[in-house]
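Below: one structure, written as structure tokens.
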Amino acid sequence: MTTSPDPELLGKIAAEAEHAEATRDADLPCQRRRPGRSAVYGLRLPDERIDQLRQLAQARGVEPSVLVRQWVIEHLDAAGDARDPDSERWERDFRATAEHLRQLLDERPWADAS
């Protein structure tokens, strides 16, 4: 038994084909996928913040999920670059001690004798 094609479906296909042909040279938004593994993480936000996120993402021409991912990665990178004060103080003290030792070695009376 053969059925006749659905005229509504044929019309939608024809309209989509027309649109595709008319815009065939238009730049399409492209999203590159990052290599490597990733995981999906759920995030609960208040409705008004979701609306704000959608508006910001639309203004920047990206999907909301892309914008959130960029923000999270930027903040994680910044947090990883942050140095703790104890490490910085230790490094300063170490450099000062090394410089002092260098000066003491340069002041030795036999340092100039070759």
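Only the coordinates and a few stated rules stand behind these numbers; no lab work does. All of these numbers come straight from a predicted model, not from anything done at the bench. No Cβ is skipped: glycine too gets one built from the backbone with ideal geometry, and neighbour counts run over all protein chains shown.
Per DSSP H run of at least 4 residues, take -39500 (n - 2.57); add these up for the chain, divide by its residues and hand me the 222 nm value, nearest 500 deg cm²/dmol. Numbers along the way, then the final one.
Numbers: 4 runs with 70 residues, N = 114.
Estimated from H runs of four or more residues: -20500 deg cm²/dmol.
Please give the helix 85-106 orientation as an angle from the longest Cα principal axis of the chain, in degrees from 0 to 90, rounded to the nearest 10.
40
Explain nothing, just the number: dipole magnitude of the chain about its Cα centre with +1 on each Lys and Arg Cβ and -1 on each Asp and Glu Cβ, in debye rounded to the nearest 20.
The calculation lands at about 280 debye.
I want to verify a result. In a Gaussian network model of the chain, Cα cutoff 10 Å, which of these has the top mean-square fluctuation: Gln70, Gln55, Gln103?
Comparing Gln70, Gln55, Gln103 in a Gaussian network model of the chain, the most mobile one is Gln103.
Roughly what angle does helix 7-22 make with the longest principal axis of the chain, taking Cα atoms, 0 to 90 degrees, to the nearest 10?
50
Given charges of +1 on the Cβ of Lys and Arg and -1 on the Cβ of Asp and Glu, with all other atoms neutral, how large is the dipole of the range 45-106 about its Cα centre, in debye to the nearest 20? Write down the numbers at each step before the final one.
Numbers: 9 positive and 14 negative charges, 30 e Å.
I would put it at about 140 debye.
Can you tell me the FRET efficiency between Arg69 and Arg108 if r is taken as the Cβ-Cβ distance and R0 is 41 Å, rounded to the nearest 0.05?
0.10
Once the piece of chain linking Leu56 and Val40 is laid out straight, how much longer is it, given 0.36 nm per residue of separation minus the C-alpha distance between them?
Length gained, Leu56 through Val40: 3.6 nm.
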